[in-house]
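The structure under discussion appears below in the form of structure tokens.
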Amino acid sequence: MKSAILFGGAGGIGSRIAKDLKKEGFGVIIADVSEPKKGTGDFFVSCDAASEADVKRVVLFAQDKFSSIDLVINCQGQYLIEVLENTEVYNFQKLLDINLKSVFVVCKVVVPIMKWQKRGYIISIASMAGLRGKKGQTAYCASKFGLVGLTEALFEELKGTNVRISAVCP
């Protein structure tokens with residue numbers, strides 16, 4: 001059985017992806033700060049994906065339940081509509097922690113494992129706001145541009161391995 005870890009998979013896009021993966025025969029672990037609705041995944045592990053210790057705990061759990069980590073999807077995200085002048089630095093940092101730092105941490109933990117396995121796929125849910133700036137979304141666009149840049153850089157670093165990475169921009 002192939003395995004998938006969905007960080008931030010308790011709601012929204014993540015919960016829909018989890019249900020589809022289950023239909024495709026994946027074993028699904030939901031790692032989120034919020035508990036998912038019953039039937040969303042096979043397992044739930046409480047996790048702040050911006051915490052390296054939490055992510056390592058999730059990965060150890062996945063390795064215990066499945067023989068490998070085949071797919072990791074970064075669905076964690078927060079949205080903020082606010083012009084620059086009205087955005088508190090605290091809210092900007094919180095947005096960066098959720099939308100960018102957490103993906104960096106997840107990749108930092110899972111990439112070495114996937115390289116060791118000689119396979120794996122990481123998908124991050126970004127946004128069109130990560131490709132094109134939008135009025136009133138300065139902080140959000142900055143976080144999603146960062147996510148796209150992180151993904152592109154990791155794509156280059158992972159060439160020659162059998163570990164793939166991509167970002168989806170709905």
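The values are calculated or read from the model by the stated rules, or taken from the named source; none is laboratory data. Nothing here was measured: the structure is a model prediction, and the numbers come from that model. FYI the Cβ positions are ideal-geometry reconstructions off the backbone, even for glycines, and counts take in every protein chain you see. With ligands, DNA and RNA removed, areas are computed over all heavy atoms of the protein, side chains included. Shrake-Rupley method; radii C 1.70, N 1.55, O 1.52, S 1.80 Å.
Among the residues in region 15-27, are any buried (at least 18 other Cβ atoms within 10 Å of the Cβ) and under 22 Å from K108 (Cα atoms)? Let's see the steps before the verdict.
First, pick out the residues of region 15-27 that are buried (at least 18 other Cβ atoms within 10 Å of the Cβ): 15, 17-18, 21, 26-27.
Next, from what is left, pick out any that are under 22 Å from K108 (Cα atoms): none.
No, because not a single residue in region 15-27 is buried (at least 18 other Cβ atoms within 10 Å of the Cβ) and under 22 Å from K108 (Cα atoms).
If I go through region 94-122 residue by residue, how many of them are assigned to a helix (DSSP H, G or I), open to solvent by 20 Å² or more (accessible area, probe 1.4 Å) and over 19 Å from L147 (Cα atoms)?
5
Any residue at all in region 76-89 that is closer than 20 Å to S143 by Cα, in a helix (DSSP H, G or I) and charged (D, E, K, R)?
Initially, region 76-89 is screened for residues closer than 20 Å to S143 by Cα, giving 76-89.
When the remaining residues are screened for being in a helix (DSSP H, G or I), the result is 84-86, 89.
Those left that are additionally charged (D, E, K, R): 85.
There is at least one residue in region 76-89 that is closer than 20 Å to S143 by Cα, in a helix (DSSP H, G or I) and charged (D, E, K, R).
Go through region 1-53 and count every residue that is touching a residue at least 12 places away in the same chain (Cβ under 8 Å) and in a helix (DSSP H, G or I).
Summing the residues that are touching a residue at least 12 places away in the same chain (Cβ under 8 Å) and in a helix (DSSP H, G or I) in region 1-53 gives 10.
Can you go through V72, V111, V45 and tell me which one is over 19 Å from N162 (Cα atoms) and modelled with pLDDT of 95 or more?
Values: V72 fails: over 19 Å from N162 (Cα atoms); V111 fails: over 19 Å from N162 (Cα atoms).
Only one candidate qualifies: V45.
Out of the residues in region 123-166 meeting the condition of being part of a strand (DSSP E or B) and in contact with a Phe, Trp or Tyr (Cβ under 9 Å, 6 or more places away or on another chain), tell me which one is farthest from Q63 (Cα to Cα). I'd like the intermediate steps shown before the answer.
Filtering region 123-166 for residues part of a strand (DSSP E or B) gives 123-125, 137, 163-166.
Still in the list and also in contact with a Phe, Trp or Tyr (Cβ under 9 Å, 6 or more places away or on another chain): 137, 163-166.
On the way: Q137: 38, V163: 17, R164: 19, I165: 20, S166: 23 Å.
Step by step, filter region 123-166, then rank; the result is Q137.
Return yes when I81 is open to solvent by 70 Å² or more (accessible area, probe 1.4 Å), touching a Gly at 6+ places or on another chain (Cβ under 9 Å) and under 27 Å from P170 (Cβ atoms) and no when it is not. Can you show your working first?
Working: open to solvent by 70 Å² or more (accessible area, probe 1.4 Å): yes; touching a Gly at 6+ places or on another chain (Cβ under 9 Å): yes; under 27 Å from P170 (Cβ atoms): yes.
Taking the combined requirement at face value, the residue satisfies it.
Mind listing just one residue for me: the one in region 131-155 that is open to solvent by less than 20 Å² (accessible area, probe 1.4 Å) and farther than 29 Å from F26 by Cα and, of those, nearest to the chain's Cα centre (by Cα)?
The first filter runs over region 131-155 and keeps only residues open to solvent by less than 20 Å² (accessible area, probe 1.4 Å), leaving 136, 139, 141, 143-144, 147-148, 151.
From what's left, farther than 29 Å from F26 by Cα: 136, 139, 141, 143.
Numbers: G136: 24, A139: 19, C141: 17, S143: 13 Å.
The selected residue is S143.
Condition first: closer than 29 Å to G25 by Cα, of a type in the set (D, E) and out of contact with any Lys or Arg (no Cβ under 6 Å at 6 or more places or on another chain). Can you find one or more residues in region 67-81 that meet it?
no
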